Amino acid sequence: MRRLLVDPGMAVTPNFFSALVRLNIEEFRRVGAFVPRQDIVNTERDVLFIVLPRKRGEARVESLSTVLQNPLRTELSGGGETFDLPFPPEVIDMAADNFDRLPQDTRELLFEDGWTRIRSSPMLPAVRKAAEAGDGPALLRWREPMNRGVRTRSCAVRPPSDRKTPMP
């Protein structure tokens, strides 16, 4: 499966990725080793991100979606509960550049529960476009305090019926 993970024409779906992680866990158990599941997810996600530039067309977009659905997590309290960490800038840049091409469920995930993973200036154009199209979670993200200093008056998002015709 690792060979398929790096194949330029292979779209790595979330199901494929989960199966790969399960196989790795089983392999470690078979040899008597214990590796936390999240460590395996992190390793395989990082490999997938490294090969993303070599993926072609829709295989790249679907594989990026899989990366975005498998965030880096950390255990803060030692009690087994994990917390998502923000993606590295390279992942956020790629997400911003391809946001319109991502599957709808991935876009929804990122504007809702996944926002803390991608919240950054490079995401503002995608947030603005979705907010102008009437996407509720995107509109909420656009109105967050982080964005207030970045926007100018000419960038204010208004419903289409409230827009005024610019004066010549």
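Each reported figure results from applying straightforward, stated rules to the coordinates on display, with no laboratory input. This is a predicted model, so every value here is computed, not measured. Backbone-built Cβ (ideal geometry, glycine too); neighbour counts: all protein chains shown.
At-a-glance table
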| item | result |
| --- | --- |
| Where trypsin sites (Lys or Arg not before Pro) fall in DSSP loop in segment 27-67, at most 13 other Cβ within 10 Å | Arg56 |
| Kirkwood Rh, angstrom, segment 14-98 [1 / mean 1/r, Cα pairs] | 14.0 |
| Segment 11-94: GluC sites (Glu not before Pro) in DSSP coil with no more than 14 other Cβ atoms inside 10 Å | Glu81 |
| Inter-label distance for Arg37 and Val6, nm, one decimal - labels placed 7 Å from Cα along Cα-to-Cβ | 2.7 |
| Residue order, fewest to most beta carbons within 10 Å, for Val61, Val12 | Val61, Val12 |
| Distance-filtered residues of segment 39-56 - backbone nitrogen under 20 Å, label point 7 angstrom along Glu26 Cα→Cβ | 39-45 |
| Of the chymotrypsin sites (Phe, Trp or Tyr not before Pro) in segment 1-72, those whose Cβ has at most 15 other Cβ within 10 Å and which sit in DSSP loop | Phe34 |
| Full-extension gain in nm, Val47 to Thr116, via 0.36 nm per residue minus C-alpha separation | 22.6 nm |
